[in-house]
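Below: the structure, in structure tokens.
The values are calculated or read from the model by the stated rules, or taken from the named source; none is laboratory data. Because the structure is a prediction, the values reported are computed rather than measured. Because the Cβ atoms are built from the backbone with ideal geometry, glycine has one as well, and the counts that use them run over all protein chains shown.
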Amino acid sequence: MSADDKTEQHDVESVPDVEPTSGVEIDKVADAADETQPDNDGNVARWRQAKLGPVVLVLVLLVSGALAGRLYFDRFRPDQQTDDAATQTAIGAARDGTIALLSYKPDTLNQDFAAAKSHLTGGFLNYYDQFTKQVVTPAAKQKAVTTTAQVVGAAASEMHPDKAVVLVFVNQVTTSKERPDPTMAASSVLVSMIKVHGAWLITKFDPI
């Protein structure tokens, strides 16, 4: 072996073994990146929550305000618009309408029915018109039926600015050719009404 060979061998042996750490370093960087990614995602999520939180709160407040306003106008505001004077007006209209509906004489049927129809509206007006023409008029003329109604009591069951239900207590006295002696009948009626051009008109007439 020459001197040069010995020198080369010595240089090779003197070089320390290098472990393949480059791949390990890449893996560590990758692992470090993976470990920091959840934190980044978490920060983004927290940032989004921080931004969305006030928006959601504002929406909740807006919805709550709208519901409160709706409740006020649907429930409380009508109470302010239906004072005692308005209630008494509705009750008076129900009383007058009930008396007109249940009172007629054979000699004045057309006038009596016309007066009654002035208190009615909607489908009930059409029903009353047909019923009096087809049923009441022939019977009243044939049997000379006279009936007179008297309201002995009335109270508002429901009251709103544009509609109402009034409970009416009625005494009705009837005479006829077959029964000339007066016959009295007591009854109670739920009178449903709506306000049309400032006037209370009957839409339903339900005996109870």
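Under the condition of being under 30 Å from ALA144 (Cβ atoms) and not hydroxyl-bearing (Ser, Thr, Tyr), the residues counted in the stretch 167-203 number 18.
Working only within the stretch 183-203, note down all residues that are closer than 17 Å to ILE99 by Cβ and either not assigned by TED's automatic domain parsing to the domain that holds ALA90 or not small (Gly, Ala, Ser) (or both). MET184, VAL189, LEU190, VAL191, MET193, TRP200, LEU201, ILE202, listed by residue number.
Selection of the stretch 109-123 for residues being farther than 11 Å from ILE202 by Cβ and polar (S, T, N, Q) yields ASN110, GLN111. Could you check the stretch 93-112 and list, in sequence order, the residues that are free of Cβ contacts under 8 Å to residues at least 24 places away in the same chain and either out of contact with any His (no Cβ under 9 Å at 6 or more places or on another chain) or not small (Gly, Ala, Ser) (or both)? Across the stretch 93-112, the qualifying residues are ASP96, ASP107, THR108, ASN110, GLN111, ASP112. If only residues of the stretch 161-204 that are small (Gly, Ala, Ser) and under 23 Å from the mean Cα position of the chain (by Cα) are counted, the one that is surrounded by the fewest Cβ atoms within 10 Å (Cβ to Cβ) is SER192.
For the stretch 148-158, enumerate the residues that are of a type outside the set (Gly, Ala, Ser) and at pLDDT 95 or above. Once the filter is applied, which keeps residues that are of a type outside the set (Gly, Ala, Ser) and at pLDDT 95 or above, the stretch 148-158 yields THR148, GLN150, VAL151, VAL152. Filtering the stretch 149-208 to residues that are free of Cβ contacts under 8 Å to residues at least 60 places away in the same chain and hydrophobic (A, V, I, L, M, F, W, C) leaves ALA149, VAL151, VAL152, VAL165, LEU167, PHE169, VAL173, MET184, ALA185, ALA186, LEU190, ILE208.
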